[in-house]
Amino acid sequence: MATPRSVRLSDDVLRRLADLAGRRGTSVSSTIERLLDEALRREAHPGVTFRDGPSGRRAGLVGGPDVDEVIRTLRAVQEEHHEDVVAAVAEMTSLTEAQVRAAVAYYADHRSEVDARIAANERAAEELEAAWRRQQEVLAGPAQ
């Protein structure tokens, strides 16, 4: 539930907020909320930032991959029963152990968000593969 708040902002900040909101097609209020939420998350998880892309806005490691990519790798490593999962993920991804731990910490606090992104990426990959298979059938020509 949203609670109205009165906040004083400089004219320059308000102008930049309005510009950003206009470019994104959102309200100034929703832009403020998104920026504040992301700032609070970055404070809690210093190695994490947020970025835009074709699949929407998402959490990623500063100078590294998206958090969901690290967690997918972590799950694969866990299935292989490595003793030191963090070290194995770091080696596989060319990340530092601190970066892997930053992704894990973010995931621990925002599990449903990251799980939803993983599921969406898996669905998109399945759809792309199915489309590719259909195209290969067309290219192969009629069945003999």
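Here are some notes:
- Candidates ALA18, ALA59, ALA39: the one that is touching a helix residue (DSSP H, G or I) at 6+ places or on another chain (Cβ under 8 Å), over 26 Å from ALA124 (Cα atoms), open to solvent by less than 80 Å² (accessible area, probe 1.4 Å) and not acidic (Asp, Glu) is ALA18.
- Of all residues in segment 42-56, those satisfying the criterion of being touching a residue at least 60 places away in the same chain (Cβ under 8 Å) and surrounded by fewer than 18 Cβ atoms within 10 Å (Cβ to Cβ) are ALA44, SER55.
- Count of segment 110-143 residues, restricted to those that are more than 11 Å from the chain's Cα centre (by Cα), among the charged types (D, E, K, R) and either open to solvent by less than 100 Å² (accessible area, probe 1.4 Å) or on the phi > 0 side of the Ramachandran plot (or both), is 2.
- Restricted to segment 67-131, the set of helices (runs of 4 or more DSSP H) holding at least 2 residues that are hydroxyl-bearing (Ser, Thr, Tyr) and at pLDDT 95 or above comprises 97-109.
- Counting the residues of segment 80-104 that are over 14 Å from the mean Cα position of the chain (by Cα) and open to solvent by 40 Å² or more (accessible area, probe 1.4 Å) gives 14.
The values are calculated or read from the model by the stated rules, or taken from the named source; none is laboratory data. Computed from a predicted structure; not experimentally measured. Because the Cβ atoms are built from the backbone with ideal geometry, glycine has one as well, and the counts that use them run over all protein chains shown. Surface areas here come from the heavy atoms of the whole protein model, side chains and all, with no ligands, DNA or RNA. Shrake-Rupley method; radii C 1.70, N 1.55, O 1.52, S 1.80 Å.
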